[in-house]
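One structure below.
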Amino acid sequence: MTVPLRQQWMIRHGIAPSDLAGKIFTVAAYKGGVGKTFLATELAYLLGAILIDFEWDEGSASIALGYHPEDRQRSIIIDAINNERTPRPIWAGDHEQPGRPALIPGHSDFEDRQPSAAATAKLLNAWAAELGTKYGRPIVLDTHPGGSPSTLGAISAANLTIIPTVFKEREMQALEGMLKEVGDYPLLMVPNMTSASPPDRFLTWAVRLSETYQVPIADDFIRNYAWLPSRALRMVNSSVDHAPVKKAAPLVASLNTIAKEVAVRCLATQ
Ligand SMILES: Nc1ncnc2c1ncn2[C@@H]1O[C@H](COP(=O)(O)OP(=O)(O)OP(=O)(O)O)[C@@H](O)[C@H]1O
Ligand SMILES: [Mg+2]
């Protein structure tokens with residue numbers, strides 16, 4: 001089977017894309033605005049995953065990627081839950097889109113219709129297995145900020161949960177609170193929006209949390225890129241489908257390093 005261009009980096013690192021089929025990656029943090037959607041979207045693309053959007057507001061990955069549901073359109077996720085079947089991704093198979101991961105879009109009704117944590121975990125395990133068999137891909141979940149039932153279920157089902165970690169006071173406090181609750185699950189802190197030399201205080205804090213909860217910190221940190229929030233392109237930064245943007249080169253390099261670490265850690269713990 002030919003390996004799509006977007007996954008050829010894996011081959012260079014000795015990872016077969018099919019090794020990840022059926023795996024569950026969750027991107028979560030209790031604090032809002034730390035880069036969950038950004039990281040989930042980029043990782044889903046690089047890992048060849050199906051992105052499942054568990055966010056229910058305007059900042060969702062579905063909207064960032066240019067998915068515009070008609071008003072009052074039914075939710076693919078809620079329909080799947082109600083009918084006890086696996087949702088079908090858009091932008092997969094013959095409908096693949098350049099620069100975008102396959103997507104199971106989110107919906108504003110999901111806030112009120114989300115299942116309990118235990119029920120979410122159960123259905124995600126079933127969906128990941130079926131989507132893995134059908135499409136040969138893992139799933140990546142983008143979650144709503146905080147510890148809502150769907151987020152906790154997604155963390156408990158995940159082979160690895162990626163936590164964007166921002167070296168600021170309230171963000172680190174929220175991280176500490178999160179680790180107290182879910183610190184026993186397989187987690188990876190990914191420093192995001194960092195300066196060239198993060199303040200010692202926050203580095204020390206992150207290391208203390210890492211040691212206390214046995215949660216590794218990613219090898220690479222993602223720096224703060226001032227142009228990123230105003231970027232309008234609907235394709236991911238790490239897309240191989242558009243011409244490389246020079247200013248994005250260090251970001252894309254970090255994202256590739258982190259995607260590799262995520263894949264390797266997941267495969268090492270199975
Ligand atoms: N490394 C970075 N450098 C600069 N800006 C970034 C970086 N990562 C994310 N951002 C920007 O920060 C903003 C928040 O990111 P994002 O929406 O991914 O966060 P979130 O955690 O998903 O937020 P929410 O909690 O609302 O879901 C966006 O404008 C995004 O482009
Ligand atoms: Mg988000």
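Considering only Trp205, Leu160, Pro17, and ranking their Cα positions along the charge dipole of the chain that arises from unit charges at the beta-carbon of Lys, Arg, Asp and Glu, the one farthest toward the positive end is Pro17. The count of lysine pairs in region 5-268 whose Cα atoms are under 16 Å apart, excluding pairs fewer than 8 places apart on the same chain, comes to 6.
Loop-located chymotrypsin sites (Phe, Trp or Tyr not before Pro) in region 154-255 (DSSP state other than H, G, I, E, B) with a sparse environment of at most 10 neighbouring Cβ atoms within 10 Å: Trp227.
Within region 23-97, which trypsin sites (Lys or Arg not before Pro) sit in a loop by DSSP and count at most 14 neighbouring Cβ atoms inside 10 Å? In loop regions of region 23-97 (DSSP not H, G, I, E or B), the sparsely surrounded trypsin sites (Lys or Arg not before Pro) are Arg72, Arg74, Arg85.
The charge dipole of region 71-138, taken about its Cα centre with unit charges on the Cβ of Lys, Arg, Asp and Glu (plus for the first two, minus for the last two), comes to roughly 160 debye. For the chain, pairs of C-alpha atoms spaced more than 28 angstrom apart make up 29 percent of the total.
Under the combined filter of DSSP loop state and at most 16 neighbouring Cβ atoms within 10 Å, region 170-248 retains these trypsin sites (Lys or Arg not before Pro): Arg231, Arg234. For the chain, the membrane-span-like helices by this rule, meaning whole DSSP H stretches whose C-alpha atoms cover at least 18 Å of axis and whose Kyte-Doolittle mean is 0.0 or above, are 117-135, 249-268; this says nothing about an actual membrane. Taking the chain as a Gaussian network of alpha-carbon nodes connected by springs under 10 Å, the highest mean-square fluctuation of the residues Asp109, Asp19, Asp94 belongs to Asp94.
Comparing Met172, Ile76, His95 along the charge dipole axis of the chain, the residue lying farthest to the positive side is His95, per the Cβ-charge model.
What you get for the chain, charging only the Cβ of Lys and Arg (+1) and of Asp and Glu (-1), is a dipole of about 580 debye around the Cα centre. Measuring from centroid to centroid over Cα atoms, what is the spacing of region 110-186 and region 30-59 in Å? Cα centres, region 110-186 to region 30-59: 11 Å.
Only the coordinates and a few stated rules stand behind these numbers; no lab work does. Because the structure is a prediction, the values reported are computed rather than measured. Glycine also receives a Cβ, built like all others from the backbone with ideal geometry; neighbour counts cover every protein chain displayed.
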